[in-house]
Amino acid sequence: MIIDDDKKSLHELTTFFLLHGFEVYASHHALVALRVFQLFPADLVITNLFMPELDGVELIQSMKAIQTNTHFIVTSVREKSANLDFMQISRDVGAAYALKKPVNLPHVFAKVVQLLGSATRGTAS
């Protein structure tokens, strides 16, 4: 599952993982994605950290309450602000990786494979 309010980033990630054999559910609305996740929990979620409806931290916490063994990768343009380290906060709530945007697609792919194995073993949906 890929969630990002930036439609360009969402399209790039979704296309990349589809071309590499993963099943992908993509949404630019965090609340819609959360409702889908309640019905069809994903093995892995790639989410943007800052979104208008629900931020990535709240999304991860809500999804972990539904399914505890889902893996999370957070992406963000901003890493830090004043006294807050957003990437560390993401890892603290359960993200396996926190990556700065724009993401390097082969690097994200490597992280997904580390978490799930190959596309034939699991899905990014």
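The values are calculated or read from the model by the stated rules, or taken from the named source; none is laboratory data. Quick caveat: nothing in here was measured; it's all calculated off a predicted structure. Cβ sites come from the backbone with ideal geometry, for glycine too, and all protein chains shown count toward neighbours.
For residue 62, the conditions (1) modelled with pLDDT of 95 or more; (2) touching a Ser or Thr at 6+ places or on another chain (Cβ under 8 Å); (3) in a helix (DSSP H, G or I); (4) under 20 Å from residue 97 (Cα atoms) all hold with the exception of (2). For region 80-95, the candidate set comprises residues that are more than 19 Å from residue 10 (Cα to Cα) and not in a helix (DSSP H, G or I); within that set, the residue that is modelled with the lowest pLDDT is 81. Within region 1-13, being crowded, with 20+ Cβ neighbours inside 10 Å and either outside any helix (DSSP H, G or I) or without any contact (Cβ under 8 Å) to a residue 60 or more places away in the chain (or both) holds for 1, 2, 3, 4.
Taken over region 19-40, the criterion of being in contact with a helix residue (DSSP H, G or I) (Cβ under 7 Å, 6 or more places away or on another chain) and exposed (fewer than 15 other Cβ atoms within 10 Å of the Cβ) is satisfied by 38 alone. Residues of region 96-125 that are at pLDDT 90 or above and assigned to a loop (DSSP other than H, G, I, E, B): 96, 102, 103, 104.
Taking the condition part of a helix (DSSP H, G or I), of a type in the set (Phe, Trp, Tyr) and in contact with a helix residue (DSSP H, G or I) (Cβ under 9 Å, 6 or more places away or on another chain), does residue 50 pass? Reasoning before the result, please.
Values: part of a helix (DSSP H, G or I): no; of a type in the set (Phe, Trp, Tyr): yes; in contact with a helix residue (DSSP H, G or I) (Cβ under 9 Å, 6 or more places away or on another chain): yes.
When the stated conditions are applied, residue 50 does not pass them.
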